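Scroll down for the structure; my scribbles are underneath it.
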Amino acid sequence: MHIEKNVFENIFNTIIDVKGKTKDNIKARLNLALFCNHKNIELVCDGSRVVKPRASFVLEKKHNY
């Protein structure tokens with residue numbers, strides 16, 4: 001039961017992009033540059049800082065009031 005809970009929480013936090021809880025971090029993005037061909041989600045150097053672009057699988061908050 002605990003394994004299923006942990007897997008669900010990891011997937012949910014990654015899709016919702018919860019700060020501090022997601023498994024989509026800088027180390028994972030560096031591995032993408034080494035092993036995969038996903039140019040749209042690799043780290044981007046923006047002057048003196050490194051920017052992590054939003055992944056396509058992350059849900060966006062839309063406020064429709």
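The values are calculated or read from the model by the stated rules, or taken from the named source; none is laboratory data. Note that the structure is predicted; figures quoted are calculated from it, not measured. No Cβ is skipped: glycine too gets one built from the backbone with ideal geometry, and neighbour counts run over all protein chains shown. Keep in mind that these areas ignore ligands, DNA and RNA; they rest on the heavy atoms of the full protein, side chains included. Shrake-Rupley method; radii C 1.70, N 1.55, O 1.52, S 1.80 Å.
The condition of being touching a strand residue (DSSP E or B) at 6+ places or on another chain (Cβ under 7 Å) and among the aliphatic types (A, V, I, L, M) holds for only one of 58, 51, 18, 7, that being 51.
The residues on offer are 7, 18, and the sole one that is in a loop (DSSP other than H, G, I, E, B), surrounded by fewer than 12 Cβ atoms within 10 Å (Cβ to Cβ) and among the hydrophobic types (A, V, I, L, M, F, W, C) is 18. Within region 29-44, restricting attention to residues that are open to solvent by 100 Å² or more (accessible area, probe 1.4 Å) and modelled with pLDDT under 80, the residue that is farthest from residue 19 (Cα to Cα) is 37.
Look at region 18-47: where a residue is more than 21 Å from residue 59 (Cβ to Cβ), no partner that is of a type in the set (Ser, Thr, Tyr) and open to solvent by 100 Å² or more (accessible area, probe 1.4 Å) sits 6+ places away or on another chain with Cβ atoms under 7 Å.
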